[in-house]
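K.L.:
Let me give you the structure first, and then I'll get to my questions.
Derivation of every value follows stated rules applied to the coordinates shown; laboratory data play no part. Remember, it's a predicted structure, so these values are computed and weren't measured experimentally. Here the Cβ is made from the backbone with ideal geometry for all residues, glycine too, and neighbour counts use every protein chain on show.
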Amino acid sequence: MFNIILFGPPGSGKGTQSEKLIAKYGFKHLSTGDLLRSEISSQTPLGLEAKNFMDKGQLVPDEVVIGMISTALEQNPGVSGFLFDGFPRTQAQSEALDKLLKLKQTAIGVVLALDVSEEELVKRLLNRGITSGRSDDNNEEVIRARIVEYHKKTSAVADHYKQFDKVVHIPGEGSVEEIFEALCAEIDSRQ
Ligand code: AP5
């Protein structure tokens with residue numbers, strides 16, 4: 001089993017590249033953002049709670065997302081590997097994920113970190129906001145709040161995995177195809 005964290009700030013291309021990686025390698029895609037949006041559209045209590053945080057560009061509490069990931073891991077036995085997208089996002093989430101994977105006698109193989117400048121992130125997200133219907137994309141203040149959350153709480157996740165020598169930085173600006181090839185080269189060299 002080979003597990004990957006696709007890491008990077010909001011708008012760095014995690015979702016775009018995840019789709020291509022899943023198609024090529026058959027990983028099970030676990031995106032906490034997608035799971036939360038699905039809870040919101042089903043109007044579950046969890047979704048209604050999460051929406052309050054997401055609309056302000058803030059992270060949803062750790063226990064909520066850790067619970068969701070724990071359930072998703074249980075629901076997907078026998079996969080060739082997990083591709084985590086948008087999770088973990090805090091030190092507590094990283095530690096919880098390591099424990100959950102250890103119970104399954106596996107671990108994170110590599111953290112692929114997409115590097116993109118802040119101005120490019122804002123440009124991409126505002127542009128997507130024109131058509132996406134995502135309430136956290138159509139307001140520059142909320143987009144910048146998401147980036148602040150990333151620097152305050154999420155960049156620590158890379159530090160956590162650096163101690164195990166698991167982090168590889170990939171330039172996240174350029175064509176989608178170029179970036180995809182760079183990601184594949186890193187995965188192929190480790191499997
Ligand atoms: P989430 O859904 O994870 O959103 P995000 O991290 O803000 O990421 P995005 O989906 O906006 O960006 P992305 O990096 O996937 O880029 P994408 O490929 O889409 O989280 C949303 C919210 O949910 C959070 O704010 C938080 O509240 C909550 N949440 C989620 N997980 C959580 C967790 N673990 N803990 C707590 N709270 C959590 O691309 C963006 C745009 O750029 C697209 O339009 C795309 O077409 C374009 N693009 C992609 N690649 C390129 C390229 N190479 N060149 C030009 N444009 C490009």
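K.L.:
For the structure I just gave you, tell me whether residue 22 is more than 9 Å from the ligand (Cβ to nearest atom) and outside any helix (DSSP H, G or I). Outline the logic, then answer.
P.N.:
On the way: more than 9 Å from the ligand (Cβ to nearest atom): yes; outside any helix (DSSP H, G or I): no.
Answer is no for this residue.
K.L.:
May I pose another question? What is the one condition in (1) touching a residue at least 12 places away in the same chain (Cβ under 8 Å); (2) more than 7 Å from the ligand (Cβ to nearest atom) that residue 88 does not satisfy?
P.N.:
(2)
K.L.:
Name the single residue, out of those in segment 98-120 being part of a helix (DSSP H, G or I) and in contact with a helix residue (DSSP H, G or I) (Cβ under 7 Å, 6 or more places away or on another chain), that is nearest to residue 28 (Cα to Cα).
P.N.:
Step one: of segment 98-120, the residues part of a helix (DSSP H, G or I) are 98-103, 118-120.
With in contact with a helix residue (DSSP H, G or I) (Cβ under 7 Å, 6 or more places away or on another chain) added as a condition, the list becomes 100, 118.
On the way: 100: 16, 118: 29 Å.
That would be 100.
K.L.:
Could I ask something else about it? On the basis of being part of a helix (DSSP H, G or I) and either more than 10 Å from the ligand (Cβ to nearest atom) or among the small types (Gly, Ala, Ser) (or both), does residue 39 make the cut?
P.N.:
Details: part of a helix (DSSP H, G or I): yes; either more than 10 Å from the ligand (Cβ to nearest atom) or among the small types (Gly, Ala, Ser) (or both): yes.
Judged against the criteria, residue 39 is a match.
K.L.:
Here's a follow-up. With the requirement that a residue be over 20 Å from residue 48 (Cα atoms), touching a strand residue (DSSP E or B) at 6+ places or on another chain (Cβ under 9 Å) and not in a helix (DSSP H, G or I), what does segment 62-86 give you?
P.N.:
76, 79, 80, 81, 82, 83, 84, 85, listed by residue number.
K.L.:
Identify the residue in segment 8-19 that is under 21 Å from residue 80 (Cα atoms) and within 7 Å of the ligand (Cβ to nearest atom) and, among all such residues, is surrounded by the most Cβ atoms within 10 Å (Cβ to Cβ). Spell out the reasoning first.
P.N.:
As a first pass, look at segment 8-19 and keep what is under 21 Å from residue 80 (Cα atoms): 14-19.
Filter again for within 7 Å of the ligand (Cβ to nearest atom), leaving 14-17.
Numbers: 14: 22, 15: 15, 16: 16, 17: 24.
Checked segment 8-19; the qualifying residue surrounded by the most Cβ atoms within 10 Å (Cβ to Cβ) is 17.
K.L.:
I've got another one for you. Kindly provide the set of residues from segment 118-138 that are over 16 Å from residue 8 (Cβ atoms) and among the β-branched types (Val, Ile, Thr), ordered by number.
P.N.:
130, 131
K.L.:
Where residues in segment 119-145 are of a type outside the set (Lys, Arg), exposed (fewer than 15 other Cβ atoms within 10 Å of the Cβ) and over 19 Å from the mean Cα position of the chain (by Cα), which of them is nearest to the ligand (Cβ to nearest atom)?
P.N.:
127
K.L.:
Run residue 53 past the list (1) more than 7 Å from the ligand (Cβ to nearest atom); (2) assigned to a helix (DSSP H, G or I); (3) without any contact (Cβ under 8 Å) to a residue 24 or more places away in the chain and report the number of the one that doesn't hold.
P.N.:
With respect to (1) more than 7 Å from the ligand (Cβ to nearest atom); (2) assigned to a helix (DSSP H, G or I); (3) without any contact (Cβ under 8 Å) to a residue 24 or more places away in the chain, residue 53 is out only on (1).
K.L.:
Further, regarding this structure: Looking at segment 91-117, which of the residues that are of a type in the set (A, V, I, L, M, F, W, C) and farther than 15 Å from residue 167 by Cα is farthest from the ligand (Cβ to nearest atom)?
P.N.:
Start the filter on segment 91-117 by keeping residues that are of a type in the set (A, V, I, L, M, F, W, C), which leaves 92, 96-97, 100-101, 103, 107-108, 110-114, 116.
From the residues that got through so far, the ones that are farther than 15 Å from residue 167 by Cα too are 92, 96-97, 100-101, 103, 116.
Details: 92: 10, 96: 10, 97: 10, 100: 13, 101: 15, 103: 19, 116: 8 Å.
For segment 91-117, the residue satisfying everything is 103.
K.L.:
On to the next question. Being of a type in the set (D, E, K, R) and surrounded by fewer than 18 Cβ atoms within 10 Å (Cβ to Cβ) is the filter; apply it to segment 146-157 and report the residue that is nearest to the ligand (Cβ to nearest atom). Walk me through it before giving the result.
P.N.:
Residues of segment 146-157 that are of a type in the set (D, E, K, R), as a first pass: 146, 149, 152-153.
Among the residues that remain, those that are also surrounded by fewer than 18 Cβ atoms within 10 Å (Cβ to Cβ) are: 152-153.
On the way: 152: 12, 153: 9 Å.
That would be 153.
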